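Worksheet: one structure, shown below.
Read-outs throughout are calculated quantities, based only on the coordinates presented, and are distinct from any laboratory measurement. Note that this is a predicted model, so its numbers are computed, not measured. Ideal geometry is used to build each Cβ from the backbone, glycine not excepted, and the neighbour counts take in all protein chains shown.
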Amino acid sequence: MRLSTRGHYGLKAMFDLAQHYGTEPIPLKTVAERQNISENYLEQLIATLRKTGLVKSVRGSQGGYILARDPEKITVGDIIRVMEGPIAPVDCVSEIEPAECIQSEYCITRSVWARVRDSLAELMDSISLADMLRDADKAEQERRI
């Protein structure tokens with residue numbers, strides 16, 4: 001299973017906003033520069049994140065974007081599902097509306113893919129943006145040693 005740049009960059013943008021949670025809104029241009037993402041592409045990603053309630057926009061000269069919830073309450077799974085759709089290595093085991101398959105009753109690989117889906121979903125749902133912030137702080141401390 002391979003994520004597209006939508007999922008990868010969406011997570012990077014959300015992490016950037018999490019790093020500045022509780023401060024002033026962050027302009028999109030600033031996030032794009034810090035994360036090395038095209039501003040035009042980031043606009044598309046942020047629009048999706050805003051529509052689904054993960055980020056809020058603040059208008060005005062001091063405007064920008066902020067997380068809609070505390071970083072502890074937003075998981076990697078939340079972000080990936082918004083950016084990529086349901087978590088599933090193959091369509092027949094999709095979290096939402098699995099594809100019909102004429103072999104589903106006797107397909108041995110289907111159970112494997114369902115287990116992979118469940119493991120991926122459990123892992124992604126267990127990692128919050130706050131966890132990522134703690135990991136980043138720990139990595140930064142280790143670099144200083």
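Across the chain, where is the longest run that never hits trypsin sites (Lys or Arg not before Pro) in a DSSP loop with at most 13 other C-beta atoms within 10 Å?
Longest gap between qualifying sites, sites excluded: 60-145.
Using only alpha carbon pairs under 8 Å that are at least six residues apart, calculate the relative contact order of the chain and give it in whole percent.
Relative contact order, the chain: 25 percent.
For Rg/Rh (Cα atoms, Kirkwood Rh), several values are listed as (i) 1.01; (ii) 1.03; (iii) 1.06; flag the one computed from this structure.
Checking each listed value against the structure points to (iii).
Calculate how steeply helix 108-126 sits against the longest principal axis of the alpha-carbon atoms of the chain, using the helix alpha-carbon long axis, and give the answer as 0 to 90 degrees to the nearest 10.
Helix 108-126 sits roughly 20 degrees off the main axis of the chain.
Using 0.36 nm per residue of separation minus the Cα-Cα distance, give me the extension gain between residue 34 and residue 126 in nm, one decimal.
Difference between extended and current length: 30.5 nm.
If all Cα-Cα distances of region 4-55 are sorted into 10 Å bins from 0 onward, what percent lands in each bin, rounded to whole numbers?
P(r) for region 4-55, in whole percents per bin: 26, 64, 11.
Express the relative contact order of region 1-84 as a whole percentage, based on alpha carbon pairs under 8 Å and six or more residues apart in sequence.
Across region 1-84, relative contact order equals 38 percent.
Helix 39-51 against the longest principal axis of the chain: what's the angle in degrees, Cα atoms only, rounded to the nearest 10?
70
Among 92, 107, which comes first, second and so on when ranked by fewest other beta-carbon atoms within 10 Å?
Ordered from fewest to most neighbouring Cβ atoms within 10 Å, 92, 107 come out as 107, 92.
What angle do you read, to the nearest 10 degrees and between 0 and 90, between the alpha-carbon axis of helix 129-144 and the longest principal axis of the chain?
60
At a 10 angstrom cut-off on C-beta neighbours, averaged per residue, how do the peptides 62-68, 18-24 rank from highest to lowest?
62-68, 18-24
Please report 14, 132 as a ranked list, fewest other C-beta atoms within 10 angstrom at the top and most at the bottom.
132, 14
Would you list 137, 131 from fewest to most Cβ contacts within 10 Å?
The fewest-first ordering by Cβ neighbours comes to 137, 131.
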